[in-house]
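The structure appears below as structure tokens.
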């Protein structure tokens, strides 16, 4: 569990840096790992999460905007926006239980954001979770 939590923290920090620089993900990773320690497993998982979230940012931003009532993405705190991106990416992948993804996002929020952001993050992610579980009409 500690491995995945550390990987998510690192992925979030890289995603935050990437949002402002829009540098190639490989450059963000190289710069990040010069100043941060992590096992090979942590680095691998963090890089996977970061690269996936960065690559899917347009789709996840659309999903977040759709489910964050009365909040535009550009009005959200940058850290909250990136926590939502990371968690939405994980929810869309479907490889980690939904409750774990949401709980981990809330832990990241408690660590990196404002205390009152927890309720907001939880509400948006729950709405995203529900929308992803809905059957698609073909």
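Counting only alpha carbon atoms, the long axis of helix 40-55 and the longest principal axis of the chain meet at about 50°. Separation of segment 22-64 from segment 72-138 is 17 Å, based on Cα centroids.
Taking the longest Cα principal axis of the chain as reference, the axis of helix 57-67 is set at about 30 degrees.
Can you give the angle from 0 to 90° between the axis of helix 78-93 and the longest principal axis of the chain, with both taken from C-alpha atoms, to the nearest 10? The helix 78-93 is inclined about 80 degrees to the chain. Under 1.5 on a/c is rounded, so check that first for segment 4-120, then, if it is not, pick prolate when a/b is larger than b/c and oblate when it is not; a ≥ b ≥ c are the square roots of the alpha carbon gyration tensor eigenvalues. Judged from the Cα gyration tensor, segment 4-120 comes out prolate (a/c at least 1.5, a/b above b/c). Counting neighbouring Cβ atoms within 10 Å and putting the fewest first, the residues 68, 21 line up as 21, 68. Going by neighbour counts of Cβ atoms within 10 Å, the residues 85, 22, 129 line up, fewest first, as 22, 129, 85. Only helices enter this figure: runs of n ≥ 4 DSSP H residues, each worth -39500 (n - 2.57), summed and divided by the residues of the chain, yield -25000 deg cm²/dmol at 222 nm to the nearest 500. Ordered by the number of other Cβ atoms lying within 10 Å of each residue's own Cβ, fewest first, 86, 12 fall into the sequence 12, 86.
Just so you know, all these numbers are worked out from the coordinates, no wet-lab data involved. None of these values were measured; they are calculated from a predicted model. Ideal geometry is used to build each Cβ from the backbone, glycine not excepted, and the neighbour counts take in all protein chains shown.
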